[in-house]
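Undergrad: Take this structure first; my questions come after.
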Amino acid sequence: MARNPLKDQLAVVGVGSTPYGRDLKRTELSLALEAATAAVEDAGLDRQEIDGICGTGMDPLAMGGSGFLTLQGALGIEKTTWQKNGWLGSCFVYAAEAVFSGLCDTVLVVQAYTRGIGMSRSAAADPFRLRSAQLRAAGGHTIVGQSDPARRWIHSGEPYAAWMARYLHDYGATKDVFARIAVNNRTHATTNPRAAMRTPITMEDYHASRVIWEPMQMLDMDVPVDCGEALIITTAERARDLRHSPVYIHAMSLGGSRVGEYYDNSLGWTENALWISLAGLRERSDLTIDDLDLFFPYDGYTIDTVGCIEAAGFCKPGETADLLASGWDAEANIYRLGGHTLVSTNGGALSHGRAGGFNFYTEAVRQLRGTEGERQVPDARTALVCAGASFFHDPASVMLRTD
Amino acid sequence: MTGMADAAEVTHATDAEVFAALPAVLIDRDNVEHYRGLLARRLLINRCAACGYWVYPHRPLCPKCWSWDVVPTQVSGDGFVFLCTLVHQERDPDAAPGEPVSTAAVELVEQPGLRYLAPVVNCPPDRVRLDMPVRLTWVDRDGVAWPAFQPSGPIEGGR
Amino acid sequence: MDARTLVSFDIDGTLETGDPAGPLRLTFVRWAQARGYVIGSCSDRTLGEQSAMWARAGIVPDFVSRKHELTAVRVAWRCQRFVHIGDTRVDEHFAAQADFEFISVSDLARRLAAIDPMTCSQDSSPASTGAVLGGMDRGKDLGQLG
């Protein structure tokens, strides 16, 4: 086992989410502020108790958008002792470590996303989105060398398509493994009022969907949306005095490999960053996958979910197809892992919408609190979140539990 | 750091000519020799002079032995297709959809895991196979010859 | 040969019921259907999603198609003209591939708005839209719009 001094010492005490939509006609900041205020109100905190902020973005000094510089002023929070921007799943980990280290006591994490012009043809025709992208590019975001064919896989989705082909080739699986993931997530999204895509789909729909990066099809890909998510992390001690039953951070781990940003140099299927992250979590967690009620594997592409399932240890490499087939509930159009673990109950990025996986955290917290009414999973007490679980950069694995 | 003299022998293009020929590429002091090589139709990959390790992407330090003595060195151009996707729709919204283009991470024979990303040409896109042996060739794009790979053995039939 | 014209509508970014909502109101679709056009949708949405959209609108389409399967629509319907209305280069690509005329929805909306600003507004009535588009019909059919 690895050291895990933060075990159950921190808790999520507030969550806030906006609706998800492909064109909400709002700024990223507006969505961020809606989620942030909702999270503070949900926690029952005075906003001046917030003394740390993690905003949205990869650039520590990003201007505009919903970075911490903008958020603190916009939210009227007078004093903070810790600030950072982050993205995808790893920002949750940064915020938690800030509280654990004592750099702040109560941290607000805000993630807002808008459908980028590179994500959608119709978004590219929207003059507001275009202008925002142009100006932000001028603000320091590097446009990588896309004009060199050898560099097109820098932070690209295409290698995930290539890995789908490699996976099918090496393990003899059929694309039904990806179809089941798409159908499962859509089925769960039909009951999620925030989800962007709520009409049920079938395996046939998956197979008939348009090919984008062969063998990847449209229904392998997540849905770019406008959305906002926020949550608040504080100490377990403080959490016990607050409104909701605390959801504790039991263990967490990031993952990094030597691949860097050139994804063509990715290591073997079981050697990339995702496996490192989940191995790191296993070494720190008293809970195992046998204890899991809920699992939130990343699903930016369906192949991410296959990787998460195998890296988490639900089956051996290459065996996900059999696992999902044997765990398939044809009546409900979902699968369960190990006979009981429900997966992506919010619909995931594939159907709830693309929030870098941050919506996995807020969904997990709500389910573990037991507040979800008709869509509540009975007696859900443990959840494993793999948010933003890229094969290559800062995949986060976080084990959450209740008392 | 050292070794630049060796690289300079492969071409006569000056820095200014390299920048002018490749106006949209992020060229820096760690990769300029690679691009100078491309203009002379030579595929150069940094190689550590101390331990022999091939260093790609282009970085100035050998990640194996921490030697700074990495030398742009021509590769044989032989390899096999390790990863490949057929791009039916480019992410760039301004790009017109057209015939699918293969994009392959070709593992070069010089070293396990040493891969170069390029299209596979002179082969029907639906007949590109994983592990297929390929050899370096060059394709024109925007007036510049770029590396590409073509099958070095017989092409298998349709799927 | 059927003398009718078939009009295929993209959904997201084209029709008002799309996500994102497009500039074209369903009154236009209803008008076209009433005029005897063969109408339907062609989208990256699943067939089930497309059917659900039409059912919510109370319109019975003649066909629904996946975006990359427009050629099958052309084979199934023996019409004189085939038109696809959409908002992206992907629409344009698949229209060309299936030998459909492509009409950009933004161009169409601009032309409709030039005839009567009400046509593309939220409160334009089916009657006024029909009247305006009926006026267009002097030019026989949608060809005047494209």
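Undergrad: So what is the orientation-averaged projected area of region A:255-403, using the convex hull of its C-alpha atoms, in nm²? Please report the intermediate quantities before stating the final value.
TA: Numbers: hull surface 35.3 nm².
Averaged projected hull area, Cα only: 8.8 nm².
Undergrad: How do the peptides A:28-34, B:76-82, A:224-230 rank, highest first, by the average count of neighbouring beta carbon atoms within 10 Å per residue? Can you show the working numbers first?
TA: Working: A:28-34: 23.0, B:76-82: 19.0, A:224-230: 28.7.
My ranking of the peptides, most packed first, is A:224-230, A:28-34, B:76-82.
Undergrad: Ignore the peptide's own chain and count Cβ atoms of other chains within 10 Å of each Cβ in B:77-88; give me the average, rounded.
TA: Per residue, the number of nearby Cβ atoms from other chains is 6 on average.
Undergrad: Another question, if that's okay. Rounded to whole Å and sorted largest first, list the principal axis extents of the Cα atoms in the protein assembly as shown.
TA: 81, 72, 51
Undergrad: Please give the net charge around C:Ser43, taking every other residue with its beta carbon less than 12 angstrom from that of C:Ser43, where Lys and Arg add +1 and Asp and Glu add -1. Don't jump to the answer; show the numbers that get you there.
TA: Numbers: positive: A:Arg210, C:Arg45, C:Arg66, C:Lys67; negative: C:Asp10, C:Asp12, C:Asp19, C:Asp44, C:Glu49, C:Glu69, C:Asp87, C:Asp91.
Here the charged neighbours net out to -4.
Undergrad: Please report, in Å, the Rg and the Dmax of region A:10-138, where both are computed over Cα atoms only.
TA: Cα only, region A:10-138: 15.0, 46 Å (Rg, Dmax).
Undergrad: Under the definition of Cα pairs under 8 Å and six or more residues apart, what whole-number percent is the relative contact order of chain A? Walk me through the intermediate numbers first.
TA: On the way: 936 pairs, mean separation 95.8, N = 403.
Contact order relative to length: 24 percent.
Undergrad: In square nanometres, what is the average projected area of the Cα convex hull of chain A? Write down the numbers at each step before the final one.
TA: On the way: hull surface 72.6 nm².
If I average the Cα hull's projected area over directions, I get 18.1 nm².
Undergrad: On a straight-distance basis, which lysines could pair with A:Lys316 in a cross-link, Cα separation under 25 angstrom, same-chain partners fewer than 8 positions away excluded?
TA: In chain and number order, the partners are A:Lys175.
Undergrad: Further, regarding this structure: Against the globular-protein guess of 2.2 N^0.38 Å, express the Cα radius of gyration of chain B as a ratio, rounded to two decimals.
TA: In units of the globular-protein estimate, chain B measures up at 1.11.
Undergrad: Checking the cross-link filter: which aspartates and glutamates have an alpha carbon closer than 18 Å to that of A:Lys79, excluding same-chain neighbours under 8 positions apart?
TA: The reachable aspartates and glutamates, counting only those whose Cα sits under 18 Å from A:Lys79, are A:Asp46, A:Glu49, A:Asp51, A:Asp105.
Undergrad: Moving on to the next point. Can you list, bin by bin at 5 Å, the percent of alpha carbon pairs in region B:78-151, starting at 0?
TA: Spelled out per bin, shortest first, that is 3, 17, 25, 23, 18, 9, 3, 1.
Undergrad: Please average, across the residues of A:152-162, the number of beta carbons from any other chain that are within 10 Å of each residue's own beta carbon, and give a whole number. Can you show the working numbers first?
TA: Working: counts 6, 6, 3, 0, 4, 2, 10, 5, 2, 7, 11.
Per residue, the number of nearby Cβ atoms from other chains is 5 on average.
Undergrad: Let me ask something else about it. Give me the three principal axis extents of region B:4-74 from the C-alpha atoms, as integers in angstrom, largest value leading.
TA: That works out to 35, 22, 16 Å along the principal axes.
Undergrad: Considering the alpha-carbon set of region C:1-121 alone, what are its Rg and its Dmax in angstrom?
TA: Rg, Dmax (Cα atoms, Å): 13.2, 37.
Undergrad: DSSP loop (so not H, G, I, E, B), at most 14 other Cβ within 10 Å: list which trypsin sites (Lys or Arg not before Pro) in region A:143-247 pass both filters.
TA: Values: sites: A:Arg151, A:Arg152, A:Arg166, A:Lys175, A:Arg180, A:Arg186, A:Arg194, A:Arg198, A:Arg210, A:Arg238, A:Arg240, A:Arg243; in loops: A:Arg152, A:Lys175, A:Arg194, A:Arg198, A:Arg210, A:Arg240, A:Arg243.
Here the sparse-neighbourhood loop sites are A:Arg240, A:Arg243.
Undergrad: Among residues other than A:Leu168 whose Cβ falls under 11 Å from its Cβ, what is the net charge (Lys/Arg +1, Asp/Glu -1)?
TA: On the way: positive: A:Arg166, A:Lys175; negative: A:Asp170, A:Asp176.
The answer is 0.
Coordinate-derived values only; no laboratory data. As the structure is a computational prediction, the values presented were derived from the model and not from experiment. When we count neighbours, we look across all protein chains shown, and the Cβ atoms used for this are built from the backbone with ideal geometry, even at glycine.
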